[in-house]
Every structure is written in C-alpha cells, then in structure tokens.
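**Q** Once you've had a glance at the structure underneath, I'll fire off some questions.
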Amino acid sequence: MVGQSQASKRICHLHGVGPGWHPLLLRLHEELLTVSPGYSVQQVKEKYGTLRIYLLTGLLRHLHEGGDMWPEPHEADRYKQEDDAAKLLVHAAEQESATICEYCGNPGQARERFWIKTLCDDCNACR
Ligand SMILES: [Zn+2]
C-alpha cells in the first residue's frame with residue numbers, strides 16, 4: 001500500500017465483489033466523500049446475495065488513526081453526525097445491491113444455487 005493515495009486504497013476494495021456492483025460502489029464513494037471526506041474502508045464483500053460494507057468514519061476513524069485525545073464535545077457531535085450520515089448511505093447501497101446483478105449490473109434478484117447470488121436472468125443462465 002506504500003505510495004498509494006487514500007482514494008486508490010478505497011477503490012481497491014471494489015475487487016472484493018463482482019463488476020456489476022462497481023458503479024454502485026463508486027457512487028457510494030462519491031456520496032460518502034460529501035459526508036465523511038476522510039472515511040476509510042475496512043471491508044467490502046458479498047454475503048447472502050447483497051453487499052456488506054464496513055467503514056471507519058467519525059469517532060472510530062479518529063481513534064483508529066491514533067487520536068489519543070477523546071474529542072471535544074462539539075467534535076464528538078460532528079463525528080456522530082458523520083457516522084449517522086455514512087450509515088444511511090451504506091445501508092441504502094446494501095439494500096440496492098439486492099436488485100442489481102452482481103456480474104453485469106442489469107436488474108437482478110437473489111438466486112440460490114450453491115450459494116446465494118443476486119443476478120439477472122442471462123447471467124444466472126450461464127452460471
Ligand atoms: Zn447479469
């Protein structure tokens with residue numbers, strides 16, 4: 001990771017899921033930058049056919065980055081707002097992923113075969 005910008009590190013996590021969900025993740029990335037410019041990604045993965053996104057925002061990020069001082073009350077409020085806004089965005093993206101084919105990005109639904117994937121008819125047929 002040495003020499004990589006914060007932004008490219010965040011985008012690296014796209015590779016944890018299929019390309020059909022990449023536009024959704026890129027849009028989420030843009031949205032997150034507006035509420036939590038310094039956010040970082042712990043993990044992006046697929047579970048039971050939908051996205052699971054784990055972020056460090058707000059207070060957690062502050063502590064994770066070695067902030068040894070407990071934030072001032074006004075700062076803590078700001079962190080809480082940042083956390084809440086980021087959680088809403090992540091939740092919306094996770095919900096939306098259940099309707100998008102993970103392979104190609106067409107409208108999809110959960111398919112259960114050996115494991116659950118959200119796919120369109122075409123991609124489900126060629127699995
Ligand atoms: Zn598809």
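No value in this document is a laboratory result; all are computed from the given coordinates. For clarity, every value in this text was computed on a predicted model and none was experimentally measured. Cβ atoms come from the backbone with ideal geometry, glycine included; neighbour counts cover every protein chain shown.
**Q** Summing -39500 (n - 2.57) over the DSSP H runs of n ≥ 4 in the chain and dividing by its residue number, what mean residue ellipticity at 222 nm do you reach, to the nearest 500 deg cm²/dmol?
**A** Using -39500 (n - 2.57) per qualifying helix, the result is -14000 deg cm²/dmol.
**Q** Place a +1 charge on the Cβ of each Lys and Arg in the chain and a -1 charge on the Cβ of each Asp and Glu, then give the dipole magnitude about the Cα centre in debye, rounded to the nearest 20.
**A** Roughly 540 debye, rounded to the nearest 20.
**Q** Going toward the positive end of the dipole of region 72-127, with +1 on Lys and Arg Cβ and -1 on Asp and Glu Cβ, which of His74, Cys101, Cys123 do you reach last?
**A** So the residue furthest toward the plus end is Cys123.
**Q** A further question follows. Tell me, Kirkwood radius of the chain from alpha-carbon pair distances, in Å?
**A** Hydrodynamic radius (Kirkwood, Cα pairs) of the chain is 15.7 Å.
**Q** Would you mind getting me the FRET efficiency between Leu88 and Cys126? Use the beta-carbon distance for r and R0 = 35 Å, nearest 0.05.
**A** Efficiency for this residue pair is about 0.50.
**Q** Among His13, Ser40, Ala86, whose Cα lies farthest out toward the positive end of the dipole of region 6-94, if unit charges sit on the beta carbon of Lys, Arg (+1) and Asp, Glu (-1)?
**A** Farthest towards the positive end: His13.
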